[in-house]
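Notes for the one structure printed next.
The values are calculated or read from the model by the stated rules, or taken from the named source; none is laboratory data. What you are looking at is a predicted structure, and each value in this text was computed from that prediction instead of being measured. Here the Cβ positions follow ideal geometry from the backbone for every residue, glycine too, while neighbour counts run over all protein chains shown. Note: accessible area is taken over every heavy atom of the protein model, side chains too, but ligands, DNA and RNA are not part of it. Shrake-Rupley method; radii C 1.70, N 1.55, O 1.52, S 1.80 Å.
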There are 2 protein chains.
Amino acid sequence: MSDHQQRRIPSTPGISGDALPPVEQHAKQYETVRNAHETELIEDYVELIGDLIRHRGEARAADISNRMAVSQATVSKMIRRLNELGLVTSKPYRSLFLTEEGQKMAETSRARHDVVLHFLRALGVDDSTARIDAEGMEHHVSDETLAIMQRFTEQHQQ
Amino acid sequence: MSDHQQRRIPSTPGISGDALPPVEQHAKQYETVRNAHETELIEDYVELIGDLIRHRGEARAADISNRMAVSQATVSKMIRRLNELGLVTSKPYRSLFLTEEGQKMAETSRARHDVVLHFLRALGVDDSTARIDAEGMEHHVSDETLAIMQRFTEQHQQ
DNA sequence: GATAATTGTTAGCTAAGGCTAAACTGTTTG
DNA sequence: CAAACAGTTTAGCCTTAGCTAACAATTATC
């Protein structure tokens, strides 16, 4: 449904700032963000597991809990979920492995993450800030914007 | 705590990609993102209420529910929360008002939002994509990065 | 190899942010 | 002005992602 009809109070167009987008578009923006939030955490876990395997040879729940600053119980629960989603395989008390699908997700996430991180650095953002911002931004950057960021980075290194 | 000691499996440094950040820094990145998520939705509601008041003269729950594509019940519940947080004032069945604190938050959010949106456009991102990305990115951009984005935008509009 | 330390799991709690259905209030209109 | 309609609220449900505490398994150490 669209906006309610104005009652009594007249609108004051052009007073300042951009106009409100049409309702449907506006709604789509918020929906996109909500959807991103649902997958975000999953992707973060999978990406981290991939990174741990790549850099340290294995991924253990304790490492995840330390690096994410989250309790081991939370990690344990999340691993069960990742299992159900078919992203990791795990045996109790053993280290984790990514399924093929998990590996794909980890790689995609890492690639996005890197593009955003390198872009921010190329823009002139300080490294530690860039890392923090990239971690948050990564899931909200469309493919289109990502491509533009990549091109920009290529044209602006050293 | 730091990472667990390696057991049996040796690490394979330098195989590909960036190194893992030190544990404390890594943890801080994730914590920052988690904190952002807590305030994000609140800010979105407050920002939207501000925009509605500015552009249409008043903010009604139905408008919010249409524009956010969320049920009226959800909006009603959230308004109660915003009330408790001292960000809006409302009387049952009447339209909403921002408290002084709410107004401040709305303005700050809108300003951040605009900077990110205009930056994306200046980068060359298509308008509707820029809007979607800005909505998601806005809460994850540090002040430092925001300042750089603003400077970039100023230097790159015709 | 027994015990201590570390790591992992389970149970049970909380809060947030969605939802539907039903009840209620306010506005508009025949 | 009464009925119909639009808007709002409440009740009650679900899922997710945290937490702590208690327990179980593995690994390390003496």
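Candidates B:His26, B:Ser109, B:Val88 compared by Cα position along the dipole of region B:23-156: farthest toward the positive end lies B:Val88, with charges placed on Cβ.
Quick one: with label points 7 Å out along Cα→Cβ, list the inter-copy distances for B:Leu85 in nm, shortest first? The answer, with the shortest distance listed first, is 2.5 nm.
Whole number in Å², please: accessible area per residue of the protein assembly as shown, 1.4 Å probe, ligands, DNA and RNA not counted.
53 Å²
Ordered from largest to smallest accessible area (heavy atoms of protein chains, 1.4 Å probe), the residues B:His37, B:His140 come out as B:His37, B:His140.
Working note: 222 nm ellipticity from helices only, DSSP H runs with n ≥ 4, each -39,500 (n - 2.57), summed and divided by the residues of chain A, gives -22000 deg cm²/dmol to the nearest 500. Out of B:Val46, A:Gln72, B:Thr153, whose Cα points farthest toward the positive end of the dipole of the protein assembly as shown (charges: +1 Lys, Arg; -1 Asp, Glu; placed on Cβ)? The Cα lying farthest towards the positive end belongs to A:Gln72. In region B:82-158, the inverse of the mean reciprocal separation of distinct Cα atoms equals 14.0 Å; this is its Kirkwood hydrodynamic radius.
Per residue of A:117-126, other chain Cβ atoms within 10 Å of the residue Cβ number 3 on average.
Mean separation of Cα pairs under 8 Å and 6 or more residues apart, divided by the residue count, gives chain B a relative contact order of 19 percent.
Shape analysis of the protein assembly as shown places it in the prolate category; the axes a ≥ b ≥ c from the Cα gyration tensor give an a/c of at least 1.5, with a/b above b/c. Averaged over the residues of B:78-86, the number of partner chain Cβ atoms lying within 10 Å of the residue Cβ comes to 0.
Taking the Cα centre as origin and putting +1 on Lys and Arg beta-carbons and -1 on Asp and Glu beta-carbons, what dipole magnitude results for chain A, to the nearest 20 debye?
Value, rounded to 20: 540 debye.
Charge dipole of the protein assembly as shown (Cα centre as origin; +1 on each Lys and Arg Cβ, -1 on each Asp and Glu Cβ, all else neutral): 980 debye, rounded to the nearest 20. Centroid-to-centroid, using Cα positions, region A:43-63 and region B:131-158 are 31 Å apart. The rotation axis taking chain A to chain B passes closest to this chain A residue's Cβ, listed with the gap in Å: A:Met137, 3. With label points set 7 Å from Cα along Cα→Cβ, the inter-copy distances at A:Asp143 are 3.8 nm, sorted shortest first.
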